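What follows is a set of notes on a single structure, which appears directly below.
The values are calculated or read from the model by the stated rules, or taken from the named source; none is laboratory data. This structure is a prediction, so every number in the text was calculated from the model and none was measured. Cβ sites come from the backbone with ideal geometry, for glycine too, and all protein chains shown count toward neighbours.
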Amino acid sequence: MNISELQAKQGNVEVVADVVEKGEVRTWEKFGKEGRVCSAKIRDDSGTVVLSLWNEQAEKVNVGDRVKVTNGYVSEFRGDMQLSTGKFGKLEVVGKAGDEAPQEHDAPSFSEDSEEPIRSNVPEPEQRQDPAREPDDMGADEPYDPDDEDAPIKDEEYIG
């Protein structure tokens with residue numbers, strides 16, 4: 001995906017880009033735990049975006065590196081888009097800036113003779129109905145009729 005295609009609140013983003021700037025690493029503390037964070041500007045042929053680097057990422061990424069973000073998330077911070085790996089994403093240094101980007105033919109291919117994908121062996125999850133939508137056997141899903149002698153007593157009618 002090109003940087004120019006990124007949109008705020010977009011997930012499952014994969015970008016390969018060059019690190020052109022890197023800010024100072026800052027430390028923070030929250031709930032008794034300390035961490036490190038810094039911002040870097042990355043660029044591809046289509047544009048630039050700020051990349052948030054958390055903890056180990058802040059130390060391993062440098063200006064001049066080519067990085068690959070897999071399963072990233074785009075957010076908006078102070079009016080600017082920002083790319084991050086979040087909890088489930090991955091950041092790799094895949095070379096140096098200016099290296100040729102990986103081509104599609106470099107990706108592994110699978111022939112028709114290869115094994116079935118693993119996901120095809122996973123059973124479908126059970127369909128469960130929302131309990132709030134199940135009919136109530138007490139007649140609560142029927143309209144209240146105050147003239148019906150068998151109707152349940154509403155709280156405001158009960159005199160104790």
Which listed residue, of 9, 22, 60, is on the phi > 0 side of the Ramachandran plot and either in contact with a Lys or Arg (Cβ under 8 Å, 6 or more places away or on another chain) or not hydroxyl-bearing (Ser, Thr, Tyr) (or both): 9
Residue list for the stretch 64-90, restricted to those being assigned to a loop (DSSP other than H, G, I, E, B), under 10 Å from the mean Cα position of the chain (by Cα) and of a type in the set (Gly, Ala, Ser): 86, 89
Evaluation of residue 85 against (1) surrounded by 15 or more Cβ atoms within 10 Å (Cβ to Cβ); (2) without any contact (Cβ under 8 Å) to a residue 24 or more places away in the chain (one fails), failing number: (2)
Which listed residue, of 70, 27, is at pLDDT 50 or above, touching a strand residue (DSSP E or B) at 6+ places or on another chain (Cβ under 6 Å) and loosely packed, with under 12 Cβ neighbours inside 10 Å: 27
Matching entry among 4, 46 (being within 19 Å of residue 94 (Cβ to Cβ) and among the small types (Gly, Ala, Ser)): 46
Which numbered condition residue 7 misses (of (1) touching a residue at least 60 places away in the same chain (Cβ under 8 Å); (2) in contact with a Gly (Cβ under 6 Å, 6 or more places away or on another chain)): (2)
Every residue from the stretch 45-63 that is touching a strand residue (DSSP E or B) at 6+ places or on another chain (Cβ under 9 Å), among the hydroxyl-bearing types (Ser, Thr, Tyr) and either outside any strand (DSSP E or B) or free of Cβ contacts under 8 Å to residues at least 40 places away in the same chain (or both): 52
When residues of the stretch 5-30 are limited to those that are part of a strand (DSSP E or B) and among the acidic types (Asp, Glu), the one farthest from residue 58 (Cα to Cα): 14
